[in-house]
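Shown next, in structure tokens, is the structure this report addresses.
Derivation of every value follows stated rules applied to the coordinates shown; laboratory data play no part. Small disclaimer: the values here were computed from a predicted structure and weren't measured. Glycine gets a Cβ as well: all are built from the backbone with ideal geometry, and neighbour counts include every protein chain shown.
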Amino acid sequence: MRKQGAARQAWPYWILGLYTLTALLWLAGSGTVLAHWSQDPWQIARWKDLQGYVSIVLNALMGAWLLRRLLRSEAVRRAALERSQRRERQEEERQRLAATVVDNTIEGVVVTDAKSTILSVNAAFTRLMGYSEQEILGQTPRMFKSGLHDQAFYDAMWESMRRTGHWQGEIWNRRKDGEAFPERMSLSAVHDGTGRVTHYVCMFTDISAEKAQAQRLEYLAHTDPLTGLNNRAWFCHRLEQALQGAAAASSPLTVMLLNIRRLRDFNDSYGHAVGDQVLCHVAARMQEVLRPGDLIGRMAGDEIAVAAPGLGSEVDAAQLARRLIAAAAQPWHTPGGMEVVAGVSVGMCLYPHHAGTANALLQGAHSAVHAARQHNGPDAWCFFQEAMTHSARERLELEARLRQALAEGHLQLYYQPQVDIATGRITGAEALLRWLDPVEGLISPARFIPVAESSGVIGPIGEWVTREACAQGQRWREMGLPGITLAVNVSLHQFLLTDLVGSTQAALADAGFPAEQFELEITESALAQEPEQALQVLRRLRGLGLRLAIDDFGTGYSSLAHLKRFPLDVLKIDQGFIRDIPQSADDMAISAAVIAMGHSMGLTVLAEGVETAEQLEFLRARGCDHFQGYLCSRPLPAEGFEQLLRSSGGVALADRPCA
């Protein structure tokens, strides 16, 4: 490039020399030619004049051409100079930008020479490592070693550098304050034109936060964050491992499921913060009584599971269960000094006696703890029995069939007459649900109603009963049959957890049945459980114009102070107080007291389950208003009840039973 530039600059001199030589030859040659060609002085003078003019013109042209070329050459030179300066400025800008990027990147950057002597670092390096640039210039990266890697680690790293010129991975280094921390590092070699290593460039990122987050996720994947116990998934995994060990060693194992009582009460009364602390307290106390090697985990909100390898006899399992119950019963004190005591029910399933898989053991323990809660009361334990699983399966199958029966129209309403004791006339009927199964035939309500209530199916079933009763009552009205009141039972679930007012209003409106001829029977337990909520619902129902009755009175735990506030019309004496009249003096006294109390509260009193004339005579003597029972009639399907109304003309009895 320099030789080509020098040649471009020398060409004007070559042209000028050539021109001078040509001019001299022209002058000398033309004179010689002229001397041979003519001796006339005038001709010679004219020729010399012409020769001068030509020389002037040629000199002018040559000068102009040279000037033009010089000017163009200068423009080219200046343009080249500007391009060179522009390239230099761009290169400087790129270098400045690269330096800015390196200085402002969040990754630490270290540049060393071929002997690993540190030449420069960026701002991120000083922030991450704690050293100033002046402290580490001239040092080697060996000063950052954490001591957590052996020599083999570094040998493998430099072997990769020799083979590929690059290494990338995780490494632990040490800050100036002595703290060891993990890095994600990338180390690259820089080569010159001959392939010789001239520098090393290292870029690294502090991954302490990533490691901590990974550990946190690992912890959460295996641990319940509230109690610190194994979570459900990890407990089941460890239980599988324990079972494999037990099977290999032909050793027994016991799985326990513990249900913490009253935890919901603590949450509702004192808030979830207190409930959580009670749960943690119970979990900690339980861990203290477990043996080394026992497993414990939180399965659900109020359920804790324990697996005890090597525990195979019912005696030993019961002993551990009693220790766990005693541990859970240790009181916990609130910040305000109040003592809170929880308790547990324990269900146990033994391997290999009861079940052989983790799922089966947990399922068996769940069935056992359910039985402990239902039948044995608080702080009780129970072993699994095969009948428990069979019963649970039967409940699930019955629930599925019940849903299908509702959808396919296998449910029916039967009607039992309600009779005015004074006149003997049929004044109403209670609509009673029956299930006519295509396979089993008539299924007892005592069998399917508890399943419907526990599964929530009672809600849609209750709505269907209300609609069907209203529709049937309207059909009887349109037939011109004597006007009667139709009563429908309302379950606790339906009363508290569904829109009873809205569904009842819709049923009455759709059927066109008068509200004053419709009665809802609410159990005493439903009114006692949530008295304030019950009062609001009853007031809204009363606003529809229908009648309200309290069913099974005397079997619940309602307060008379609450009862007198409820807008009730009818008080129904439970058949349990009628069945043994006149043999039981206690039942006679209770029934007489209920009748007197109902009348004093302005309520109509109806006795259920009347089967004998003696019972009816007793009720008549005590002033009871109405009765229902087998003495008059069993519950009848709609067609049978319609025939009863037509044949009796609405008169159920004079001095005899009506059916």
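Structure above, values below:
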quantity	calculated
Largest-first ellipsoid semi-axes for the range 76-190, taking √(5λ) over the Cα gyration tensor eigenvalues, angstrom	35, 18, 12
Tail beyond 20 Å, pair distance distribution of the range 223-384 (Cα, percent)	46 percent
Exposure rule at most 10 other beta-carbon atoms within 10 Å, DSSP loop trypsin sites (Lys or Arg not before Pro): the chain longest free segment	197-659
Taking only Cα atoms of the range 182-223, radius of gyration then Dmax in Å	18.1, 58
Taking all pairs of distinct alpha-carbon atoms in the range 128-179, Kirkwood radius in angstrom	12.6 Å
Gain in span if fully extended, Ala247 to Ala123, counting 0.36 nm per residue against the direct Cα distance	38.6 nm
Proximal lysine pairs, the chain, alpha carbons under 28 Å, eight or more residues apart or interchain	6
Base-10 log of normalised Debye intensity for the range 388-447 (one unit scatterer per alpha-carbon) at q = 0.24 Å⁻¹	-0.98
Extension gain, Glu82 back to Arg94 (0.36 nm per residue minus Cα-Cα distance, nm)	2.5 nm
Sites Thr334 and Ala300, calculated FRET efficiency, Cβ-Cβ separation with R0 35 Å, nearest 0.05	0.90
Relative contact order of the chain, pairs being alpha-carbon contacts under 8 Å that are 6 or more residues apart, as %	7 percent
Residue-averaged [θ]222 nm for the chain, counting only DSSP H segments that reach four residues, each worth -39500 (n - 2.57)	-17500 deg cm²/dmol
Kirkwood Rh in Å, taken over the range 340-476 so that all alpha-carbon pairs contribute	18.2 Å
Histogram of C-alpha separations across the range 401-648, 10 Å bin width, %	7, 31, 37, 22, 3
Cα gyration tensor shape for the range 409-504, rounded if a/c is under 1.5, else prolate or oblate	prolate
Inter-label distance for Ala273 and Leu137, nm, one decimal - labels placed 7 Å from Cα along Cα-to-Cβ	5.6 nm
Among (1) 28.2; (2) 66.8; (3) 35.0, the entry derived from the coordinates for mean projected area of the Cα convex hull in nm²	(2)
Magnitude of the charge dipole, the chain, Cβ model with Lys/Arg +1 and Asp/Glu -1, debye to 20	5020 debye
Approximate spin-label separation Lys115-Asp177, in nm, with each point projected 7 Å along Cα-to-Cβ	3.5 nm
Karplus (6.51, -1.76, 1.60) ³J(HN,Hα), θ = phi - 60°, over the range 164-173, in Hz, Gly and Pro reported as x	10, x, 8, 9, 9, x, 9, 8, 9, 10
Förster radius 30 Å - calculated FRET efficiency between Ala585 and Tyr630 (Cβ-Cβ, nearest 0.05)	0.80
Share, in percent, of DSSP beta bridges within the chain that are antiparallel, nearest 5	70 percent
Förster radius 35 Å - calculated FRET efficiency between Cys280 and Glu170, Cβ distance, rounded to 0.05	0.45
Rg ratio (alpha-carbon, reference 2.2 N^0.38 Å) - the range 295-357	1.37
Whole-number D in µm²/s for the range 494-543 (Stokes-Einstein; Kirkwood sum over Cα pairs; 20 °C, 1.002 mPa s)	185 µm²/s
Simple label model, 7 Å out from Cα along Cβ direction - Ala152 to Leu66, nm	8.4 nm
